[in-house]
Amino acid sequence: MTEAIKADTRQPISEGSEWTFELLETYDREIARVAQHYGLDTYPNQIEVITSEQMIDAYSSVGMPVGYSHWSFGKQFMSTQKHYKRGQMGLAYEIVINSSPCIAYLMEENTMTMQALVIAHASYGHNSFFKGNYLFRTWTDAEGILDYLVFARNYVAECEERYGEEAVENILDSCHALMNHGVDRYKRPAKLSMAKEKALQRERADYLQSQVNDLWRTLPPKEATAKKRKENRFPPDPQENLLYFIEKNAPRLEPWQREIVRIVRKIAQYFYPQRQTQVMNEGWATFWHYTLLNHLYEEGKLTDGFMMEFLQSHTNVVFQPPYFSRMYSGINPYALGFNMFRDIRRICEEPTDEDRRWFPEIAGSNWLETLDFAMRNFKDESFIAQYLSPRLIRELKLFTVVDDDHDDKLEISAIHDDAGYRQIRQMLADQYNLGNREPNIQVWNVDVYGDRSLTLRHDMHNRRPLGESTPEMLRHIARLWGYDVRIESIDEHGHAELMGECKV
């Protein structure tokens, strides 16, 4: 780290708050130089300046400005715009797309300080995370996603013209409702590209339809039905990817509807790593915008006024309200991630005896190499389980509360001692396990030889029942499946109980 430069020898890049494209280029060049100094490996950057209205529009399409249109995006746009105009909310400083080149959107209403913050945060923080983290490298295709989104937008628009907006929206509504259950967690997805998708679209549609026809053509004679039902359960094994199962096997879907199911499934797969790395991704980007801009300040490239404005925004981003505050709505992922990466650096540079006891592998090690290893090889759940330190647990005042439905009282089950630190760390890590946060629902059986009804099974976690939206979920599945759908819950003793049914 460079030594602080005296005020009279500083040569800041700019003095005022107004930005120009020349200044953006200069700041980007300087931030890139410092990022290279720390060894950040990024995709090429593409920076776009857009209006607040365009930012709201991008917001409303789940941060995918080149995606297909859907009424829910417009509804979200109106809601966000209304709150923004009333001053009830601010917009995020940026939107960044995991693509190569990595596209970062800056709002033209921002000051120069905010533009520089966004460049450091998105174009070098998020960008290096997208390129380095194993989940993004395994499950997303930065080279092909933009092409695929353009293909999806054009395909949906063509379907709207040919089959009507209402028919397309109905399919999209149901697919969106099941998006989190349309992810393949174990098989690496194929590369995405518009040219390949176009070339394979017709071939795939014909093949899928022939497979579905074969499946539903295998109706045995009536006298053999009972025996066949017992011998040939379908699917042979439970299937957790509901959208994939529907795409391949739903009896009544037209080829264009299967393609839309596939599009939503592919996009859900693209967002799968983001859902597992929110703490790490935001913490990493926040850590690096803080480090890069402080480095530039110490070199004399930034003014005191710039730093005051930057630190005010940064402090707001990482603010964690206490649990008894009215503003408390859970743990702020920016605060947790940022503090964890700073804490890892502290353990590397200034380890205490406690750190040496808890983290003998990294205490006193090279902090850049240690942070890079952590960024590349973990997701939120394992990152917290591996690196949350007793000192940070004390600073964040974390403790655990057991809320048992068999007990009418709450229990503080872990405090600040060695056993408590381990329990708090593990329980916090478990909160970020998607398997604990989302219901485990799988396709259990299809009555192939009977009424073609679909049976789902839900494995209860910690005796947690399904939510109030279950009937709505069944309605969406039934719309895609075309026949009756029912769902059973499996309790801790393995007993199945019918929890809901939707008749077509």
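The values are calculated or read from the model by the stated rules, or taken from the named source; none is laboratory data. Remember, it's a predicted structure, so these values are computed and weren't measured experimentally. Heads up, the Cβs are rebuilt from the backbone with ideal geometry, glycines too, and the neighbour counts pull from every protein chain shown. Surface areas here come from the heavy atoms of the whole protein model, side chains and all, with no ligands, DNA or RNA. Shrake-Rupley method; radii C 1.70, N 1.55, O 1.52, S 1.80 Å.
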Filter region 255-274 down to residues that are modelled with pLDDT of 90 or more, open to solvent by 20 Å² or more (accessible area, probe 1.4 Å) and of a type in the set (A, V, I, L, M, F, W, C), then give me how many there are.
1
If W284 passes every condition in (1) under 25 Å from the mean Cα position of the chain (by Cα); (2) open to solvent by 30 Å² or more (accessible area, probe 1.4 Å) but one, which one does it miss?
(2)
Taking the stated definitions as given, is N377 at pLDDT 95 or above and more than 21 Å from G420 (Cβ to Cβ)?
yes
Provide a single number: the residues in region 433-458 that are outside any helix (DSSP H, G or I), open to solvent by 50 Å² or more (accessible area, probe 1.4 Å) and under 20 Å from Q276 (Cβ atoms).
2
So for region 151-164 (the condition being assigned to a loop (DSSP other than H, G, I, E, B) and over 20 Å from M307 (Cβ atoms)), does at least one residue qualify?
yes
Reported set for region 395-425 where residues are over 28 Å from the mean Cα position of the chain (by Cα) and charged (D, E, K, R) is D404, D405, D407, D408, K409, E411, D417, D418
Verdict on E468 being surrounded by fewer than 17 Cβ atoms within 10 Å (Cβ to Cβ), assigned to a helix (DSSP H, G or I) and not hydroxyl-bearing (S, T, Y)
no
Enumerate the pairs (first residue in region 310-334 and among the aromatic types (F, W, Y); second residue anywhere and surrounded by 15 or more Cβ atoms within 10 Å (Cβ to Cβ)) with beta-carbon separation below 6 Å, excluding pairs fewer than 6 apart on the same chain, so at least 6 apart or on different chains.
F310/T113; F310/L117; F310/L293; Y334/E282; Y334/T286; Y334/V317; Y334/V318
With the requirement that a residue be small (G, A, S) and touching a residue at least 40 places away in the same chain (Cβ under 8 Å), what does region 440-463 give you?
G450
All but one of (1) in contact with a His (Cβ under 8 Å, 6 or more places away or on another chain); (2) at pLDDT 95 or above hold for E240, so report the exception by its number.
(2)
Can you confirm whether region 459-473 contains a residue that is within 25 Å of T277 (Cβ to Cβ), modelled with pLDDT under 90 and touching a His at 6+ places or on another chain (Cβ under 7 Å)?
no
Would you tally the residues in region 323-344 being open to solvent by 50 Å² or more (accessible area, probe 1.4 Å) and either in contact with a helix residue (DSSP H, G or I) (Cβ under 8 Å, 6 or more places away or on another chain) or under 26 Å from H121 (Cα atoms) (or both)?
6
Could you identify the single residue in D418, D491 that is loosely packed, with under 12 Cβ neighbours inside 10 Å and of a type outside the set (S, T, Y)?
D418
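Rundown of residues vs (1) buried (at least 17 other Cβ atoms within 10 Å of the Cβ); (2) outside any helix (DSSP H, G or I); (3) touching an Asp or Glu at 6+ places or on another chain (Cβ under 8 Å), yes/no style:
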{"site": "L392", "(1), (2), (3)": "yes, no, yes"}
{"site": "L398", "(1), (2), (3)": "yes, yes, no"}
{"site": "D408", "(1), (2), (3)": "no, yes, no"}
{"site": "A429", "(1), (2), (3)": "yes, no, yes"}
With the structure loaded, tell me whether R457 is under 22 Å from Y186 (Cβ atoms), under 30 Å from the mean Cα position of the chain (by Cα) and of a type in the set (K, R) or whether it fails that test.
yes
